[in-house]
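One structure follows; several queries about it will come next.
The values are calculated or read from the model by the stated rules, or taken from the named source; none is laboratory data. Note that this is a predicted model, so its numbers are computed, not measured. Cβ: placed from backbone, ideal geometry, glycine included. Neighbour counts: every protein chain shown. These accessible areas exclude ligands, DNA and RNA; they are computed on the full protein's heavy atoms, side chains included. Shrake-Rupley method; radii C 1.70, N 1.55, O 1.52, S 1.80 Å.
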Amino acid sequence: MGRKRELHHSVFGEPRRFDPTFKGPIHSRHCTDVLCCVLFIAVILGYIALGVIAWVHGDPRKVVYPTDSRGQFCGQKGTTNENKTILFYFNILKCASPAVLINLQCPTKQVCVEKCPNRFARYIDSKSLFGWNRTYWAYYRQFCQPGFNTPRKSAAQVMRDEDCPSMIVPSRPFLRRCFPDFTTKNGILTVANRTTFKDGLGKIRNVTDLRDAANKATTIRHGSKRGINHVLDAREIWMKIFEDYTNSWYWILIGLVIAMAVSLLFILLLRFTAGVLFWFVIFAVIAVIGYGIWHCYWEYSSLKDKPGSDIPIYDIGFQMDFRVYLQLRQTWLAFMIFLCIIEVIIILMLIFLRKRICIAIALLREGSKAIGYIMSTLFYPIITFLLLAICISYWVITAIFLSTSGEAIYKVVTNRGHCIYANRTCDPEIFNTSNVTKLCPGAQCAFAFYGGESLYHKYIFILQICNLFVFLWLVNFAIALGQCTLAGAFASYYWAFRKPADIPSFPLLAAFGRSLRYHTGSLAFGSLILAIIQLIRIILEYLDNKLKGVLAFFFFTRRISIIAGEAPSLNYYWVPLVTVIFGSYLIAHGFFSVYAMCVDTLFLCFLEDLERNDGSADRPYFMSKTLMKILDVRNRAAEDERL
């Protein structure tokens, strides 16, 4: 028992209680946290009910298709707008009105069209040319209201009733809406190479007026302060990024396949080279930090006689160009001190923790051996990925249906003086027969937004919060289920006295079944705590935001002369670089998360084995011979039976 206490002190740090009744892994089990399990199942059923209610009331077409002034979708199949997929503003200049920010709707007629106009034109001109050349009118009328075929009414009446736009400007479709076709030449904003144009009344206007109006219209779409220029710039960037992906997708795929092969090979090699690889990495880190210390000292010395290098950092303040700091001796001195501290800490850890490092290396080897026997565990992250994909898809779809659950709301819109009915709700079916048109000439009952006054519509925001909370709960549960399953599979390897003869036939599947049957409640309880904390964090970050507001690099930058000619020409070299790095990280994380769980599980089993067994015939150790050799223990009666 003296040796036993010594081992406990060595591994645990303090003696642990010895259980004389322990005879290996438990076979008789019972369910844990039953109440939380029942609650979890009830929440899932409620979540399904929430999805059904949202799907009944929601209409995702409101996200896909723009809506005209009558509340009809542009481009919707089976309607008169089936071939008219783009929304056209009669007078986009009115979108610059302050009413836009109040009503979130431009106070001008909006119709669905097949294509955007490609020229400057005015209604007055098309009307005057109608008698002898109808080609001009034939082009112009496609932007008028459906059914208005001839310009027989006076221009004043047409403008009053908004049968046709007073003017059209060269536009292009963006976000399924017609926006002026802005271009910049020599720093000057133009539309169709023009900086000015005549509006419907013959007034000379600057294209900057169109830009301001388009900014407001884009604000309506995005619900933020981003204008059309920012969105168009973002569109251009995304087009270039898409082009880069098109030109480099096969290199990205090759990089990800290499990352997968290297990760798998690395795990398999750890079984044979864990010690060599571990010490190589450790000494490589020490060597790199040592070189860093020397380099910092060299930079510090070389800046000794350079003018301005002795200026304190705090006198310079914060600079966006970080190269400024590299010209200061104080910067390199700070780097050198920091690296020296890190170097000393690592060396001291190696000296005082060498015993535990040897145990860690043995566990690494044992982990690789366990994965070798249970290769199916390497593919379990795919199951976790599928579960997460289902959770994310369900959450996104439910959120979309919830956000599109409103009914069409129409409001009185006027742009001619004061009207007491302005911004009031109205019914487009009877609006033309009401007194509003008489008291407020030019007023119209226009579609404003989707909403509602029912109890369901009033609590949509609360339902969105519930949707997010249950989503977080389910995601954490899926991750915890994977960890418990892998831990159970690797535990079945450790507690097999004769390996691999005593390993169950399907350890991963058996562990998955045990986790669901016995431990759903415990997994749900832990996931619930995480979900609550994460939800609070999301809310706080949202409020904070509102208050405030490998090798791949050299290859894609054409710095490897041998294969420079094979590298694709890119707009942004960082597009494939970031993709390969992020994809490689996900692949490596998928493999090594399994390996990490294997090592953690084996370590816990090793501690339990060391605590509860003594190497006697009745209580032999289950640990491998390597660990026994490191700890200087042995199974006195059963040692010859082990593999």
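Give me the residue from region 83-102 that is in contact with a Lys or Arg (Cβ under 6 Å, 6 or more places away or on another chain) and not β-branched (Val, Ile, Thr) and, out of that set, modelled with the highest pLDDT.
LEU87
Being open to solvent by 60 Å² or more (accessible area, probe 1.4 Å) and at pLDDT 75 or above is true for just one of ARG134, ARG122. Which residue is that?
Working: ARG122 fails: open to solvent by 60 Å² or more (accessible area, probe 1.4 Å).
From the options ARG134, ARG122, the qualifying one is ARG134.
Moving on. Pick from region 171-192 the residues that are farther than 15 Å from LEU93 by Cα and outside any strand (DSSP E or B): which of them is most open to solvent (accessible area, probe 1.4 Å)? Don't jump to the end; show me each part of the working.
Just the residues of region 171-192 that are farther than 15 Å from LEU93 by Cα, to begin with: 172-176, 183-190, 192.
Okay, now just the ones that are also outside any strand (DSSP E or B), so 175-176, 186-187, 192.
Details: LEU175: 55, ARG176: 95, ASN186: 155, GLY187: 71, ALA192: 54 Å².
The qualifying residue most open to solvent (accessible area, probe 1.4 Å) is ASN186.
Next question. Considering each of ILE204, ILE220, ILE228 in turn, give the residue that is at pLDDT below 75, of a type outside the set (D, E, K, R) and in contact with a strand residue (DSSP E or B) (Cβ under 7 Å, 6 or more places away or on another chain).
Working: ILE204 fails: at pLDDT below 75; ILE220 fails: in contact with a strand residue (DSSP E or B) (Cβ under 7 Å, 6 or more places away or on another chain).
Exactly one of ILE204, ILE220, ILE228 is at pLDDT below 75, of a type outside the set (D, E, K, R) and in contact with a strand residue (DSSP E or B) (Cβ under 7 Å, 6 or more places away or on another chain), namely ILE228.
Would you pick out the residues in region 351-388 that are buried (at least 18 other Cβ atoms within 10 Å of the Cβ) and more than 19 Å from SER505 (Cβ to Cβ)?
Scanning region 351-388 gives ILE359, ILE361, ALA362, LEU363, LEU364, ARG365, GLU366, GLY367, SER368, PRO381, THR384.
While we're on this one: For region 34-77, give me each residue that is under 26 Å from the mean Cα position of the chain (by Cα), hydrophobic (A, V, I, L, M, F, W, C) and under 16 Å from ARG177 (Cβ atoms).
VAL63, VAL64
Residue under question is TYR459, and the condition is that it be hydroxyl-bearing (Ser, Thr, Tyr), open to solvent by less than 60 Å² (accessible area, probe 1.4 Å) and out of contact with any Ser or Thr (no Cβ under 6 Å at 6 or more places or on another chain); does it hold? Full working, then the answer.
Values: hydroxyl-bearing (Ser, Thr, Tyr): yes; open to solvent by less than 60 Å² (accessible area, probe 1.4 Å): no; out of contact with any Ser or Thr (no Cβ under 6 Å at 6 or more places or on another chain): yes.
No, not satisfied.
Any idea which of LYS185, LYS198 is under 29 Å from GLY442 (Cα atoms) and charged (D, E, K, R)?
Values: LYS185 fails: under 29 Å from GLY442 (Cα atoms).
Residue meeting the stated conditions: LYS198.
Let's see how each residue does on (1) touching a Leu at 6+ places or on another chain (Cβ under 9 Å); (2) part of a helix (DSSP H, G or I); (3) modelled with pLDDT under 75:
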{"position": "SER10", "(1), (2), (3)": "yes, yes, yes"}
{"position": "ARG17", "(1), (2), (3)": "no, no, yes"}
{"position": "PRO20", "(1), (2), (3)": "no, no, yes"}
{"position": "LYS23", "(1), (2), (3)": "no, no, yes"}
{"position": "LEU35", "(1), (2), (3)": "no, yes, no"}
{"position": "VAL38", "(1), (2), (3)": "no, yes, no"}
{"position": "ILE41", "(1), (2), (3)": "no, yes, no"}
{"position": "ALA49", "(1), (2), (3)": "no, yes, no"}
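Name the one entry in THR67, THR80 that is at pLDDT below 85 and open to solvent by less than 20 Å² (accessible area, probe 1.4 Å). Working first, answer last.
Working: THR80 fails: open to solvent by less than 20 Å² (accessible area, probe 1.4 Å).
On inspection, the qualifying residue turns out to be THR67.
Given the conditions (1) open to solvent by 60 Å² or more (accessible area, probe 1.4 Å); (2) at pLDDT below 90; (3) part of a helix (DSSP H, G or I), which single one is not true for ARG29?
Among (1) open to solvent by 60 Å² or more (accessible area, probe 1.4 Å); (2) at pLDDT below 90; (3) part of a helix (DSSP H, G or I), ARG29 violates only (3).
Here's something else I'd like to know. Could you run through region 488-516 and say how many residues are of a type in the set (A, V, I, L, M), part of a loop (DSSP other than H, G, I, E, B) and open to solvent by 20 Å² or more (accessible area, probe 1.4 Å)? Lay out the reasoning, then the answer.
So in region 488-516, the residues of a type in the set (A, V, I, L, M) come out as 489, 491, 496, 501, 503, 508-511, 516.
Okay, now just the ones that are also part of a loop (DSSP other than H, G, I, E, B), so 496, 501, 503.
Filter once more, keeping what is open to solvent by 20 Å² or more (accessible area, probe 1.4 Å): 501, 503.
Number satisfying all stated conditions: 2.
Can you go through ARG634, ARG619 and tell me which one is surrounded by fewer than 21 Cβ atoms within 10 Å (Cβ to Cβ), assigned to a loop (DSSP other than H, G, I, E, B) and at pLDDT 80 or above? Before you say what the answer is, go through the steps one by one.
Details: ARG634 fails: at pLDDT 80 or above.
Matching residue, one of ARG634, ARG619: ARG619.
Shifting gears a bit: Applying the selection to region 517-531, what residues are touching a helix residue (DSSP H, G or I) at 6+ places or on another chain (Cβ under 8 Å) and not in a loop (DSSP other than H, G, I, E, B)?
Taking region 517-531 as the starting set, the residues that turn out to be touching a helix residue (DSSP H, G or I) at 6+ places or on another chain (Cβ under 8 Å) are 519-528, 530-531.
Matches in region 517-531: THR520, GLY521, SER522, LEU523, ALA524, PHE525, GLY526, SER527, LEU528, LEU530, ALA531.
Taking interchain pairs and intrachain pairs at least six residues apart, which have beta carbon atoms under 8 angstrom, with the first residue in region 372-390 and of a type in the set (Val, Ile, Thr) and the second open to solvent by 40 Å² or more (accessible area, probe 1.4 Å) and in a helix (DSSP H, G or I)?
Filtered contacts from region 372-390: THR384/ILE479.
Still on this structure, please answer the following. Among GLY255, GLY292, which is the only one that is in contact with a Gly (Cβ under 8 Å, 6 or more places away or on another chain), at pLDDT 75 or above and part of a helix (DSSP H, G or I)?
Numbers: GLY292 fails: in contact with a Gly (Cβ under 8 Å, 6 or more places away or on another chain).
When all the criteria are applied, what remains is GLY255.
Kindly indicate which of THR437, THR425, THR404, THR414 is in contact with a strand residue (DSSP E or B) (Cβ under 8 Å, 6 or more places away or on another chain) and either at pLDDT below 75 or of a type in the set (Asp, Glu) (or both). If you could, list the steps in order and put the result at the bottom.
Numbers: THR437 fails: in contact with a strand residue (DSSP E or B) (Cβ under 8 Å, 6 or more places away or on another chain); THR425 fails: either at pLDDT below 75 or of a type in the set (Asp, Glu) (or both); THR404 fails: either at pLDDT below 75 or of a type in the set (Asp, Glu) (or both).
Every option except THR414 fails the conditions.
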